[in-house]
Amino acid sequence: MHIVVHKAKCQGHARCWAQAPNIFKLDDEGYVLLGDINVAQGDELLASRAVRSCPESALEIDRT
Ligand code: F3S
């Protein structure tokens, strides 16, 4: 599973990072860094929670 980051939607709420700091990396201004994020096996539930926590819907799970 991986997570697609819609950078243009991210407003720097950092809730994703608060849920899963090992998965989501923020830049110096608190915006989630660009690019898809590969989620390790065993971290899927945590990652899903973090994706749902974003109030801007900037994160999307891609299970393909
Ligand atoms: Fe951005 Fe949403 Fe995380 S606004 S920093 S992707 S909680």
Under Karplus coefficients 6.51, -1.76 and 1.60, residue-wise ³J(HN,Hα) of segment 22-38 in Hz, glycine/proline x: 6, 9, 9, 9, 9, 7, 4, 9, x, 8, 5, 5, 5, x, 6, 10, 7
Acute angle (nearest 10 degrees) that the helix 44-53 long axis makes with the longest principal axis of the chain, alpha-carbon atoms: 30 degrees
Estimated dipole of the chain in Debye, rounded to 20 [Cβ of Lys and Arg +1, of Asp and Glu -1, Cα centre]: 180 debye
The chain, relative contact order in percent, only Cα pairs under 8 angstrom and at least six apart counted: 50 percent
Zero-based 5 Å bins, Cα pair distances in segment 2-62, whole percents: 4, 22, 37, 27, 8, 2
Contour excess over end-to-end distance, with Cα ends at residue 31 and residue 57 and 0.36 nm allotted per residue: 8.0 nm
Computed helical MRE - 222 nm, the chain, DSSP H runs ≥ 4 contributing -39500 (n - 2.57), nearest 500: -6000 deg cm²/dmol
Most positive-pole-ward Cα, 4, 20, 48, against dipole of the chain from beta carbon charges: 48
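Rounded to the nearest whole Å², what accessible area per residue is found for segment 2-62 with the 1.4 Å probe?
62 Å²
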Gaussian network model of the chain, Cα within-10 Å springs - most flexible of 34, 26, 45: 45
Fraction of accessible area attributable to carbon and sulfur, the chain (%, probe 1.4 Å): 47 percent
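The values are calculated or read from the model by the stated rules, or taken from the named source; none is laboratory data. Keep in mind that what you see is a predicted model, and the values were worked out from it rather than measured. Reconstructed Cβ throughout: ideal geometry from the backbone, glycine too, with neighbour counts over all protein chains shown. These area figures cover heavy atoms from the full protein model, side chains too; ligands, DNA and RNA do not enter into them. Shrake-Rupley method; radii C 1.70, N 1.55, O 1.52, S 1.80 Å.
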